[in-house]
Amino acid sequence: MNKKVALQDIGFKGYKETWDYQELLFQQTVDLKIKNRREETLLETPNHFLFVEHPHVYTLGKSGDMSNLLVDEKYLETKGAQFYKINRGGDITYHGPGQIVGYPILDLDNFFTDIHKYLRLLEEMVILTLAEYGLKAQRSKGETGVWLDVGTPFARKICAMGVRASRWVTMHGFAMNVNADLGYFDLMIPCGIKGKAVTSLNVELGKKEVSMAEVKEKLLKHFSQLFEAEIIKEKTGV
């Protein structure tokens, strides 16, 4: 089993361009698994982890409800935002500047074949990272992602998640608000869950800005520990 994970930080990049790159890496791994099965070979399958920061964009998962976007696409254009329907699980999500988006494209045959466990470990990675900033983050029963003050009227989401998997290969991932403009969340019902607020790390810490590089380092540290993975930094291919 290959537990090496190739990390690419692709910086500030459009959603569609990044999605296409994800699809390429995802399909290459799936094709290799099919080849191994057909030809009875044992070629090593790769694992990837992409970090990216997107311009303003709203994405709707395959089971999502369009009514959770509270404005039309023309209005989004006036806000400099785009909209895409995509093939992950989950409902509507916003991505934008000041948010760390992570896309692990893993062959779970290299780790464990359990999507539920995969999601829980991604959540744990974020929970442990936030604990380093003195924040007690938690899961919220029946709601994927990471929250603060769960079970109180002040419950608020700090990290959204939505994944897709085929032949145990994953894509899509998580979006953690670090220095996000929370006003953009007012244009939707986040993840289709009414009456729940959204927050950002800088707001919780009372700071104008938190180091994105520092948060990424902490996320990677916990990812590598939880998945027992070796992170290999690579030059970006997109």
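The values are calculated or read from the model by the stated rules, or taken from the named source; none is laboratory data. Please read all numbers here as calculations on a predicted model, not as lab measurements. Heads up, the Cβs are rebuilt from the backbone with ideal geometry, glycines too, and the neighbour counts pull from every protein chain shown. Note: accessible area is taken over every heavy atom of the protein model, side chains too, but ligands, DNA and RNA are not part of it. Shrake-Rupley method; radii C 1.70, N 1.55, O 1.52, S 1.80 Å.
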*Examine segment 200-210 for a residue that is surrounded by fewer than 16 Cβ atoms within 10 Å (Cβ to Cβ) and part of a helix (DSSP H, G or I), and state whether such a residue exists.*
yes
*segment 211-238 - residue that is farther than 14 Å from E132 by Cα and polar (S, T, N, Q) and, of those, most open to solvent (accessible area, probe 1.4 Å)*: Q225
*Output yes when any residue across segment 55-70 is within 21 Å of I232 (Cα to Cα) and surrounded by 20 or more Cβ atoms within 10 Å (Cβ to Cβ), and no when none is.*
no
*Does M176 satisfy being buried (at least 21 other Cβ atoms within 10 Å of the Cβ) and at pLDDT below 95?*
no
*Could you list, in sequence order, the residues of segment 61-100 that are among the hydrophobic types (A, V, I, L, M, F, W, C) and either over 14 Å from the mean Cα position of the chain (by Cα) or within 15 Å of D186 (Cβ to Cβ) (or both)?*
M66, L69, L70, V71, L76, A81, F83, I92
*Which of the following residues is in a helix (DSSP H, G or I) and either of a type outside the set (A, V, I, L, M) or more than 16 Å from the chain's Cα centre (by Cα) (or both): Y118, Y133?*
Y118
_Selection within segment 212-238 - under 23 Å from T18 (Cα atoms), over 17 Å from the mean Cα position of the chain (by Cα) and modelled with pLDDT of 95 or more_ = E214, I231, I232
*When you look at T152, is it polar (S, T, N, Q), outside any strand (DSSP E or B) and at pLDDT below 95, yes or no?*
yes
*asked:* For segment 121-148: of the residues being charged (D, E, K, R) and modelled with pLDDT under 95, which is least open to solvent (accessible area, probe 1.4 Å)?
replied: E143
*State the number of residues belonging to segment 28-54 that are part of a helix (DSSP H, G or I) and buried (at least 21 other Cβ atoms within 10 Å of the Cβ).*
1
